[in-house]
1. Hey, for B:PRO167 with labels 7 Å out along Cα-Cβ, what do the inter-copy distances come to in nm, ordered shortest first?
2. Let's see if you can work this out: charge +1 on each Lys and Arg Cβ, -1 on each Asp and Glu Cβ, no other charges. What is the dipole magnitude of chain B about its Cα centre, in debye to the nearest 20?
3. Check cross-link reach from A:LYS53 to the lysines: straight Cα distance under 28 Å, and skip same-chain residues fewer than eight apart.
4. Go through region A:105-119 residue by residue and turn each phi into a ³J(HN,Hα) via Karplus (6.51, -1.76, 1.60, θ = phi - 60°); whole Hz please, and just put x for glycine and proline.
5. If each Cα of chain B is one equal point scatterer, what is log10 of I(q)/I(0) from the Debye formula at q = 0.09, 0.13, 0.14 Å⁻¹?
6. Can you give the accessible area of A:GLU30, probe radius 1.4 Å, in Å² rounded to 10?
7. Over all alpha-carbon pairs of region B:36-108, lay out the pair-distance distribution in 5 Å bins, whole %, shortest bin first.
8. As a test question: what accessible area, to the nearest 10 Å², does B:HIS34 have when a 1.4 Å probe is rolled over all protein chains in place?
2 protein chains.
Amino acid sequence: MSLPAFVTAARCANMMHMNDAIALQDTYPEDFAHCFGCGRYNENGHQIKTYAKGDHTVTRHIPAPYYTGAGDFAYGGIIASLIDCHSAASAAIFWLGLGGKSVGEVLAPRFVTARLEVDYLTPTPLGLVELVGRPEEIGDRKVIVTTDLRAEGITTARGRAVLVKIPD
Amino acid sequence: MSLPAFVTAARCANMMHMNDAIALQDTYPEDFAHCFGCGRYNENGHQIKTYAKGDHTVTRHIPAPYYTGAGDFAYGGIIASLIDCHSAASAAIFWLGLGGKSVGEVLAPRFVTARLEVDYLTPTPLGLVELVGRPEEIGDRKVIVTTDLRAEGITTARGRAVLVKIPD
């Protein structure tokens, strides 16, 4: 499957309408399913699940209660970790979606993070968080994902990740 | 203790020469010592220790073996987490140092991350990592820290964090 060399966010929204029942992480080959953040075989890890929904992606997760920072708030590292792995999954979903494919229909490419930016807007209560990812740019080898992380109805952090596709 | 409003990196290097035997995290009051990344009372956490050394800071850490990403490499979230907590400690050390104080001499202020940037240069082998922090800017309420993260003698990731001081 080949993609146009570069597609900007405005075009992405028109080209994609995705509603997948399968989490991207559940399609990872066994060799790639041991990541602490998103591998289904990492018993100690977060095992996050990321789904396509319309023109964006969604990850919902409840961190273990010991991921504290100050007081009852989540520590910065768990926020960055969730945004990192959510962005890698989102990149694969957007890449598939742009090619007209759904999660599970074909083997998804794996993306790794080249650059991660996180703005901590306000402390994040330690409980259910929802990450909503959108494509800023989709290229054949590079995808940029922006993420809003919400807790208790408030956007508490924003992320931007530049991801590159692992060669086949 | 008051500081000049703004000091840039070039002046920082001239003003500070620190060699502290006490880790900044070991001076945290009990109420602030439960952070997953750096709290000495978080039994599940990383419990990192950051020391002043000359004009920079050093954190050495061996992540638990389940912090895998792809293959035998560290996952992106642990890299971001270490840089985050190392930067928060470094900010307090630089703030103290600029005021002519050593770690443990006076109660250090606590800094929280407002923005975190990580560039993943090459995969990080999962083993001993060394983080070296330097001040880009030191203000009374805001400190910017840059970090080189090294593994097996190679700089595998670079960080930049903007940290703000929690009001007294």
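The values are calculated or read from the model by the stated rules, or taken from the named source; none is laboratory data. All values reported here derive from a predicted model rather than from experimental measurement. Here the Cβ positions follow ideal geometry from the backbone for every residue, glycine too, while neighbour counts run over all protein chains shown. Just so you know, the surface numbers come from the protein's heavy atoms only, side chains and all, with ligands and any DNA or RNA stripped out. Shrake-Rupley method; radii C 1.70, N 1.55, O 1.52, S 1.80 Å.
1. Here B:PRO167 shows inter-copy label distances of 5.5 nm.
2. 300 debye
3. Partners within reach: A:LYS101, A:LYS142, A:LYS165.
4. For region A:105-119, the Karplus curve yields 6, 9, 5, 6, x, 9, 10, 10, 7, 9, 8, 10, 10, 10, 9 Hz.
5. With one equal scatterer per Cα and no solvent, log10 I(q)/I(0) is -0.27, -0.57, -0.66.
6. The accessible area of A:GLU30 comes to roughly 120 Å².
7. It works out to 3, 15, 23, 21, 16, 10, 6, 3, 1, 0, in whole percents.
8. Using a 1.4 Å probe on the heavy atoms, I get roughly 90 Å².
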